[in-house]
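What follows is a short report on a single structure.
The values are calculated or read from the model by the stated rules, or taken from the named source; none is laboratory data. What you are looking at is a predicted structure, and each value in this text was computed from that prediction instead of being measured. In this analysis, Cβ positions are derived from the backbone assuming ideal geometry, glycine residues included, and neighbour counts consider all displayed protein chains. Surface accessibility is based on the protein's heavy atoms, side chains included, excluding ligands, DNA and RNA. Shrake-Rupley method; radii C 1.70, N 1.55, O 1.52, S 1.80 Å.
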Amino acid sequence: MESKVKVKEVEYGDFKWQPNEDNSEFTLLATAKIILTLNDDKLYTFTFKKNFICDGLSVPKAFQWFLPKWSKNNALYNLAGALHDALYANKGFGVFNRDDADAIFRGLLREAGCNRFHASTADFILWIFGCGHWGDDTFNCKDLVTLKIIQ
């Protein structure tokens, strides 16, 4: 659970999602980008192509009072889950390790307005239970996300 990655700035485009019937999955309706500036001052542009699928934050129903799976009003909160899914599916794109991916997730939750306790608890739970999901492309969407780094 040791990472030197810290989110400094976030820019994101217009992410429009279509939920499935039971709100367990969300499909991106058009290509969109999120640009992160991390503590190394490089720009990391993640491009999500149309039809990318995520499940939001993978929070069991019993704990969604503490950390909701999805937000109708906070696009960045939802992007935290989508980007985390993309980072895990692509094993960090060969740039980030698992701890970095979790740190980016935690940083995006903070940027989205979550307090430190909720974001850190989510990160801790990922540290405990996320290891089996590193490299997991459950929705077969890893090829629908690309990473471009600008020095």
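Summing Lys and Arg as +1 and Asp and Glu as -1 over all other residues whose Cβ lies under 15 Å from the Cβ of Asp41 gives a net charge of +1.
Ordering 137-143, 47-53, 99-105 by mean Cβ neighbour count within 10 Å, with the highest value first, yields 99-105, 47-53, 137-143. Compactness of region 79-146, taken as the C-alpha radius of gyration over 2.2 N^0.38 Å, stands at 1.05. With bins 5 Å wide beginning at 0, the percent of Cα pairs of region 36-106 falling in each bin runs 3, 15, 24, 26, 18, 10, 4, 1.
Ranking Val95, Phe66, Ile149 by Cα position along the charge dipole of region 60-151, where only Lys, Arg, Asp and Glu carry charges on their C-beta atoms, puts Phe66 farthest toward the positive end. If only the Cβ of Lys and Arg carry +1 and only the Cβ of Asp and Glu carry -1, the dipole of region 1-138 around its Cα centre is close to 220 debye.
Using the 1.4 Å probe convention, the accessible area of the chain works out to 56 Å² per residue with neighbouring protein chains retained.
Calculate, in nm to one decimal, what Ala62 and Asn20 gain on full extension: separation in residues at 0.36 nm each, minus their alpha carbon distance.
13.1 nm
Within a straight-line Cα-Cα reach of under 22 Å, Lys148 can be paired with the following lysines, leaving aside sequence neighbours fewer than 8 residues apart in one chain: Lys4, Lys6, Lys8, Lys16, Lys33, Lys42, Lys49, Lys50, Lys91. Once you reduce region 107-151 and region 25-102 to the center of their Cα atoms, the two points are 6 Å from each other.
Modelled spin-label separation between His118 and Lys4, with each label point placed 7 Å from Cα along the Cα-to-Cβ direction: 3.2 nm.
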